[in-house]
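This report concerns only the one structure given below.
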Amino acid sequence: MTSLDADAVARRTDRDAFRSLIRSNPFGVYLVDADFRLSEVSLGAQKVFATVHPLLGRDFEEVLRILWPDPFASDALGRFRHTLATGEPYSAPSTVEQRKDIGDVEAYDWRIERLTLPDGRYGVICYFYDLSERQSWEKALKEGEKRLRLATDAAQLGIWSWDPTTDQVQWENDRPYEILGISRTDPPIGAARFTTDYLHPEDLPAFQEQRDRALRRESRFHFEGRIRRPDGEVRWIELTGATEPVDEQASIRFIGTIQDITARKTAEERLHTLAADLSMADRRKNEFLATLAHELRNPLAPITNSIALLRLAAADPVLSGKALATMERQVGHMVRLIEDLLDLSRITNDKLELKRERVELAPIIRQAVETCRGDLAKAGHALTVSLASEPIILDADPLRLSQVFANLLNNAGKYTEPGGRISLSAERDDDVLTVRVRDTGIGIPADMLSHVFEMFAQVDAARGRSHGGLGIGLSLVQRLVRMHGGTVTAHSEGAGHGSEFVVRLPLSVEPGIREDAPPP
């Protein structure tokens, strides 16, 4: 074999090795020869040229124009020709273009260099890395982060992470600053400072228990409690968190959320209060129905007995008179009960209308006293009435106002032991009338003062003692007084110290006609 033949074999061997090296390369590599033809394509690059047939030996400009539109195709061709002619390499990081042949958008990092081929001439080799899949994942990741951010913003959630070893806290969004009431320029607050400066002392044990259980990986971290913000406002928060391993030494960190739940806690408290009120109202309704049945049944026995007495002693005027008086008294009691029920129903349904007129107070008080005089005398109560010497003129419904004072006097008599003292006084203070009804009765416990005007409420009912009535008289008083533009309040120093009810009403602005006050 001559030296020429040996050189030819060597060149062929080098060419075959070079070709094999490129074609078997799993990365994106292809070669453009001195005639500007695509001569070699690696395995990793074949998918880029998959739509070009035939491929090897084809003019590179033609190949590029099949794959890519202008201006990218023309610019890339110029780069290849410049490198082939001058040897100057070129790098193009993150080129994103839409493929002409398949319509998809693809992204590449690519670099071209000139090299000497086995035949001694120059060629241009291109190395590229397909970024399309990575950018697709990055885009999906950014979209996911965006959606997560929108979701946490919509839910008003703050996101945090905490390293128990260093007590360092990282806040992933701005919401924790807003919840804690501090500036965004302030550093995140570690657990130590959070428990001492922000956490409500009463909620500290629950926080520590949840934290310790989570550190022992017995459960996820979940805490609801109160914080005190720097401005002094107390708010409710909910903290949730889970642990994740940090390294092989079993170090962990917490990742979780913080949410302001003050509105929810307020709503829950109102719901509990409403449920308690409904339960109390239901209990009082049942007590009222039982009392109503009792109060309506009580007069029936005397009436029945009186009817039987009339039949037996029809010719005896004394017995007949007693029987008729008993029936009249008991029927009157039933009538008053029913009238109170009807009045309360009319007020509740906004169907009661006041028949206002310019009236003097004295006749109204006189009528109220006459209504109650029999019951008060029967119980042996001493009643004192004290009115101002000058006439007191009101714009009021005299019948309803008399009903107010009669109910107060009747209430005082009902809750005063036999032989007690009751007083009614009236005085004017500028343009306001003040009427006070005092008694020496059983008094009102402190926990009942705020409830005495409620429907079906009865003082001493909880002690198993009944003083008669339906528990609607004071509620009726309050509603009628309010309809007249006034107020009524209850006062007592406690059980056994009597009680006082104070009614305040606006006076008439025009002078009235004087009428003599009733005798004491």
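The values are calculated or read from the model by the stated rules, or taken from the named source; none is laboratory data. Because the structure is predicted, anything quoted here is derived from the model rather than measured. Virtual Cβ from ideal backbone geometry, glycine too; neighbours counted across all protein chains shown. Just the protein is used for accessible areas: all its heavy atoms, side chains included, with ligands, DNA and RNA removed. Shrake-Rupley method; radii C 1.70, N 1.55, O 1.52, S 1.80 Å.
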Between Glu353 and Ala379, 0.36 nm times their residue separation minus their Cα-Cα distance comes to what?
5.9 nm
Using r as the Cβ-Cβ distance of Arg58 and Gln170, and R0 as 60 Å, what FRET efficiency do you calculate, to the nearest 0.05?
0.60
Can you give me the distance in nm between label points at Thr434 and Arg65, each placed 7 Å from the Cα along the Cα-to-Cβ direction?
10.8 nm
Please check which bits of segment 416-454 a label hung off Asp277 would reach, taking the label as a point 7 Å along Cα-to-C-beta and the cut-off as backbone N under 16 Å.
450-454
Rounded to the nearest 10 Å², what accessible area does Thr196 have for a 1.4 Å probe in the complete protein model?
90 Å²
Separation between Cα centres of segment 385-413 and segment 355-369, rounded to whole Å:
6 Å
Return the loop-located GluC sites (Glu not before Pro) in segment 211-245 (DSSP other than H, G, I, E, B) with at most 11 other Cβ atoms within 10 Å of their own Cβ; answer none if there are none.
Glu218, Glu233
Can you compute the charge dipole magnitude of segment 365-446 about its Cα centre, using +1 on each Lys and Arg Cβ and -1 on each Asp and Glu Cβ, nothing else charged? Give it in debye, rounded to the nearest 20.
440 debye
With a 1.4 Å probe and all protein chains kept in place, how much accessible area does Val48 have, in Å² rounded to the nearest 10?
10 Å²
Please state the charge dipole magnitude for segment 193-249, taken about the Cα centre, from unit charges on C-beta atoms (+1 on K and R, -1 on D and E), reported in debye and rounded to the nearest 20.
100 debye
Can you tell me the length gained on complete extension of the stretch Asp197 to Asp35, counting 0.36 nm per residue apart and subtracting the Cα distance?
50.5 nm
Rounded to the nearest 10 Å², what accessible area does Tyr177 have for a 1.4 Å probe in the complete protein model?
30 Å²
Estimated inter-spin distance, Asp447 and Arg421, nm [label 7 Å along Cα→Cβ]:
3.2 nm
Please list Met334, Met483 in order of solvent-accessible area, largest first, computed with a 1.4 Å probe with all protein chains present.
Met483, Met334
If R0 is 45 Å, what FRET efficiency do you get for Ser74 and Ile255 from their C-beta distance, rounded to 0.05?
0.30
Using a 1.4 Å probe over the heavy atoms of the protein chains, calculate the carbon and sulfur portion of the accessible area of segment 377-460 as a whole percent.
50 percent
Express the carbon and sulfur contribution to the solvent-accessible surface of segment 65-111 as a percent, rounded to the nearest whole number, probe 1.4 angstrom.
52 percent
Grab the beta carbon distance between Ala50 and Glu268, set R0 = 51 Å, and tell me the FRET efficiency rounded to 0.05.
0.20
